[in-house]
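We did not get these values from a lab; they are worked out from the coordinates using the rules stated. None of these values were measured; they are calculated from a predicted model. Backbone-built Cβ (ideal geometry, glycine too); neighbour counts: all protein chains shown.
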Amino acid sequence: MTLKLVPDNTNIGFVRMRYWAFALTIALTLGSLALLGIRGLNLGVDFVGGLTMEVEFKSPPQLDGLRAEVEGLNVGKASLQEFGNNRTILIRLPLPEGDQTAVQKVVAKVQADLKAKYGEVSFRRVESVSGKVSQELIQKGALAVLLSMAAVALFTWIRFEWYFGVSTVVALVHDVLVTLGFFALTQLEFDLNVIAAILTIIGYSLNDKVVIDDRIRENLRKYRKMDIGPIIDLSVNETLPRTVMTSLAMIVALTAMLLLGPDVIFGFTAAMLLGIVVGTYSSIFVSSSLLISLGIKTRSDASEDAPRGERIAARAERVAPRK
Amino acid sequence: MLDFPQWKIWSIMLTLFVGLAFAVPNFFPEATVANWPSWVPHKQLNLGLDLRGGSHILLEANTDDVRKTKLEGLEETVRSELRGADGGPVAFTDLSISGGVLSITITDPTRLDTAVETLRNVTRPVGSLSGQRDVEVSVVDGNRIILTPTDAGIATAVNSAMTQAVEVIRRRIDELGTREPTIVRQGDNRIVVQVPGLQDPSALKALLGKTAKLEFKLVDVDADPAEAAAGRAPPGSQVLQYADQPGVIVVKRRVMITGDQLVDSQPSFQDGQAVVSFRFDSAGGRRFAKATQENIGKPFAIILDNKVISAPRINDAILGGAGIISGSFTTESANNLAVLLRSGKLPVELKVIEERTVGPDLGADSIRAGALASIAAVLAVATLMILTYGRFGIYSVIALVLNVLMILGIMSMLGATLTLPGIAGLVLTIGAAVDANVLINERIREEARKGRGIVPSIEVGYRDATRTIWDANSLNIIVAVIMFSFGSGPIKGFAVVLSIGIATSVFTAVTVTRLMVARWLSRRRPSTLVI
């Protein structure tokens, strides 16, 4: 006998709950925006430029002492952050001025000093990015996110109808904003990898929505006489086992990555994990119910307006706004 | 849907076989693979620097430099061309560069046309547009000629300077004896240098940034030292600083000879002092001999990147085409200079604008953690799938494993690079593959629940789910392509794995499982469907 995560023939009234869901979605979105405004993102050197060193100590160092120590070297204002565990510290410094070897001079200076004070330390990673490059990385990252969204909207519009395009993009904007809000809340470092994660979330969440949209379209054709509300409920319920199973598989895989994977992609994995949860929520509760609010019509509505056969009815659905 | 003609079965098997064959070398040590016969796939996956450790350096050329160099070259050409113009030398004054253009006044208005004609002949056609030249020649105020490098001309100059710069950098890095460096152009004016295994990039960077333009010029002995100290030099001369001592020296602007024709340069010792010896090729040697012969007894300056290293007196004509540069060198700096001179001068100055160095421990840790996490992810997902879908779950898991192997195989075949975000992309692909099977299996369940027979349930399940899978994956491909075109570094690495993974996961999760299901149906002819 096989395991069933979701019982057969569920009949949950998602459409009825939509106002609660909309309220929650708006609250989450506004909350994220507020967090972004107040706390802001902890942008990594990829986006603000500067020098980062990942240093591993034999035993956990005192952060305040370490900061004073590094700043005492006259290399600018240091910001420290534990990375993965409390023995590994990310030290961030402004980019040193000077010739080609200025970065190495600063690194050597810090290295010599920490070796003298803390014994064995290992410099696992050193990165320096100039302001010019970081500007470009920001622009490219933002461009990639925006273009993906635009492509998604265009594709769903062409493949389905404009209602689906709008509802999908609204849900995606929510997913992305909540993920950004999470980064503002936790102050995890926001770097290029995280942009890749956000693009992945867009891809995944989209996948979810396309599956449900596909089913709604299919049911619209199948059940001409049914109202739009029940059709959406039916479609979401029919695809529910798949939605839950796939999300669970992703969550399981990503949890393995989060717990066992390298520290460098912790932020990436955390973002993806959260994105999967948020994306699944918005697929089930928000994007499909939003179709009603956008005024999508069923075949029966449409054929009353234009009882001249299916083809015209199908077009009517595309052009006639509700009431 | 479930009928597979023989040719289809064979092509599926062949595709799988090829994909897997290319994955095989990754599971053996490099040394073992090297001994395999030549017809077996050899290529192993390239690991990114974040996984294997090493230095990544992004250099940017100053394109203003190229414009300046081009104008300076043009100034020399104009001078010599006007001297050798048809019908005798054309007299001119006020030859100067300012505001990015070269201007010159022709003294005799009747020769203006000859001058313009002569100078127009110097310009070269560039770009794809017909009639476009690298320099525009125009006349203003009756007798003044303006030469403006066109955008296309500058672009061509930048392009050739960058191609040359890549070559010079390659020679310099080879001199360091580092293993398999990657040196590629990026965009119009950038070069990426990646050196695996390099821990301390300071030596590398010291070599990369230096232009290493070597010139020999005569010292202007008549110049007034007080004027020189104030930075003023007589016409035709210029004030230069010493490389490693305070004070200035006045030299003639005219270059006796440049280091372009050097064929060799080595560090050596003379009277216990580190020096750099050099040798010209035969043409350079003759010029050097002539220049020294004409100026015996006069001091000349050896100039590197506009700084004077030393200014010895020419005691005798140097006929062999070889010489020595002495200055206050250490053994190391003499060696560095020798390397720079051997590899030739950079046509433009390069600045480091991005630099990432990953230690070998971190890289090894990342590989270990990444592999462990991937295995754990596959195991966890496999358990979940088998528990949920029974036999169909097992098929999905086989497809999943084939999928991961095929991704490795195709990446090895294409010589693609696996980075850390790439590993994360692998996990996402596992998710996408699982999703395809979940869609199919859930559809089959639904159809079976509606009371359809076994074969129709499976047929309808595959048919309906396939449409959805195509929709979803074409969208993912669009996103992956956008990531690849507009993303940078890590995002690209992720997009590569994602695009390959989407293709292989549709193949394995849809086609391969369907084949397995079809074989099972025709062999066993099951009477009940457990899913």
| field | Average beta carbon contacts from partner chains per residue of A:6-15, 10 Å cutoff | value | 1
| task | Quick one: compute a quarter of the convex hull surface over the Cα atoms of region A:50-129 and quote it in nm². | result | 4.7
| field | Dipole of chain B, positive end: most advanced residue of B:M516, B:G489, B:L214 [Cβ charges, Cα centre] | value | B:M516
| query | What angle do you read, to the nearest 10 degrees and between 0 and 90, between the alpha-carbon axis of helix B:112-122 and the longest principal axis of chain B? | reply | 40
| message | Per q in 0.06, 0.10 Å⁻¹, report the Debye log10 I(q)/I(0) for chain B, using one uniform scatterer on each alpha carbon and no solvent. | response | -0.51, -0.93
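For chain A, what does the helix formula give at 222 nm: sum of -39500 (n - 2.57) over DSSP H segments with n ≥ 4, over the residue count, nearest 500 deg cm²/dmol?
-21500 deg cm²/dmol
Scale the Cα Rg of chain A by the rule-of-thumb value 2.2 N^0.38 Å and send over the ratio, two decimals.
On the way: Rg = 25.4 Å, N = 323, 2.2 N^0.38 = 19.8 Å.
With N residues counted in chain A, Rg over 2.2 N^0.38 Å equals 1.28.
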| task | Sequence neighbours fewer than 8 away in the same chain don't count; with that in mind, list the lysines whose C-alpha is under 25 Å from A:K115. | result | A:K58, A:K77, A:K105, B:K205
| field | Note, ³J(HN,Hα) from phi for region A:56-73, Karplus 6.51, -1.76, 1.60, rounded to Hz, x at Gly and Pro | value | 9, 9, 5, 9, x, x, 7, 4, 5, x, 5, 4, 4, 4, 5, 5, x, 7
| message | Taking 8 Å as the Cα distance limit and 6 or more residues as the minimum spacing, I'd like the relative contact order of chain A as a percentage. | response | 24
| query | Distance from the Cα centre of region A:11-44 to that of region B:505-528, in angstrom? | reply | 43
| task | Determine, for each peptide in A:151-162, B:264-275, the mean count of other beta carbons within 10 angstrom over its residues, then list the peptides with the highest first. | result | A:151-162, B:264-275
| query | Roughly how crowded by other chains is peptide B:416-424, in terms of the mean Cβ count from those chains within 10 Å of each of its Cβ atoms? | reply | 4
| message | Explain nothing, just the number: dipole magnitude of region B:63-155 about its Cα centre with +1 on each Lys and Arg Cβ and -1 on each Asp and Glu Cβ, in debye rounded to the nearest 20. | response | 100
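How crowded by other chains is A:148-161, given as the mean number of beta carbons from other chains within 10 Å of each beta carbon?
Per-residue shielding by partner chains comes out at 2.
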| query | Once phi is turned into ³J(HN,Hα) by the Karplus curve 6.51 cos²θ - 1.76 cosθ + 1.60 with θ = phi - 60°, what whole-Hz value does each residue of region B:279-290 show in order, with x for glycine and proline? | reply | 9, 8, 6, 5, 5, x, x, 5, 5, 5, 4, 5
| remark: At q = 0.12, 0.15 Å⁻¹, the log10 of I(q)/I(0) for region B:140-234 from a Debye sum over equal Cα scatterers comes to -0.70, -0.83
| So for region B:246-308, what are the equivalent ellipsoid semi-axes in whole Å, largest first, each being the square root of 5 times an eigenvalue of the Cα gyration tensor? | 19, 19, 13
| Based on the Cα coordinates of region A:1-122, what is the per residue volume of their convex hull in Å³? | 222
| request: Using only Cα atoms, tell me the angle between helix B:489-506 and the longest principal axis of chain B; keep it within 0 to 90° and round to the nearest 10. | output: 30
| query | With θ set to phi - 60° and the Karplus curve 6.51 cos²θ - 1.76 cosθ + 1.60, what are the ³J(HN,Hα) couplings of region A:194-202 in order, to the nearest whole Hz, using x for Gly and Pro? | reply | 5, 4, 4, 4, 5, 4, 5, 4, 4
| query | Given Cα pairs under 8 Å that are at least 6 residues apart, what percent is the relative contact order of region B:84-198? | reply | 17
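Place the peptides B:100-108, A:181-189 in order of packing, highest mean first, counting for every residue the other Cβ atoms within 10 Å and averaging per peptide. Display every interim value, and only then the final one.
Working: B:100-108: 17.0, A:181-189: 18.8.
Top to bottom by mean Cβ count within 10 Å: A:181-189, B:100-108.
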| Reciprocal of mean inverse Cα separation for region B:63-155 (Kirkwood radius, Å) | 13.4
| So what's the convex hull volume per residue for the Cα atoms of the protein assembly as shown, in Å³? | 258
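Taking only C-alpha pairs under 8 Å that are 6+ residues apart, what is the relative contact order of region B:1-121 in percent?
Across region B:1-121, relative contact order equals 15 percent.
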| query | Hey, what's the Kirkwood Rh for region B:388-485 if you take every pair of different alpha carbons, in angstrom? | reply | 15.1
| task | Round to the nearest 10 and give me the degree value, 0 to 90, for the angle of helix B:63-83's Cα axis relative to the longest principal axis of chain B. | result | 40
| task | Grab the DSSP H runs of chain B that are 4 residues or longer, score each as -39,500 (n - 2.57), total them, divide by all residues and round the 222 nm result to the nearest 500 deg cm²/dmol. | result | -17500 deg cm²/dmol
| message | For q values of 0.12, 0.14, 0.16, 0.19 Å⁻¹, compute log₁₀ I(q)/I(0) with the Debye formula on a Cα-only model of region A:95-250, without solvent. | response | -0.72, -0.86, -1.01, -1.22
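Provide the packing ranking of B:344-352, B:366-374, i.e. peptides ordered by the mean count of other C-beta atoms within 10 Å per residue, highest first.
Ranking the peptides B:344-352, B:366-374 by packing returns B:344-352, B:366-374.
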| request: Mind putting a number on the dipole of region A:50-129 about its Cα centre? Charges go on the C-beta only, +1 for Lys and Arg and -1 for Asp and Glu, and I need it in Debye to the nearest 20. | output: 140
| task | Using only C-alpha positions, report the orientation-averaged shadow area of the convex hull of region B:210-356, nm², one decimal. | result | 10.3
| Unit charges on C-beta of K, R, D, E only; dipole of chain B, Debye | 2300
| query | Cα to Cα, under 24 Å, and not fewer than 8 places away if on the same chain: which lysines meet these conditions relative to B:K68? | reply | A:K132, B:K210, B:K213, B:K217, B:K252, B:K307, B:K345, B:K351
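With 10 angstrom as the radius, rank A:Y223, A:Y281 by how many other C-beta atoms surround their C-beta, starting from the fewest.
Numbers: A:Y223 15, A:Y281 21.
Ordered by Cβ neighbours within 10 Å, fewest first: A:Y223, A:Y281.
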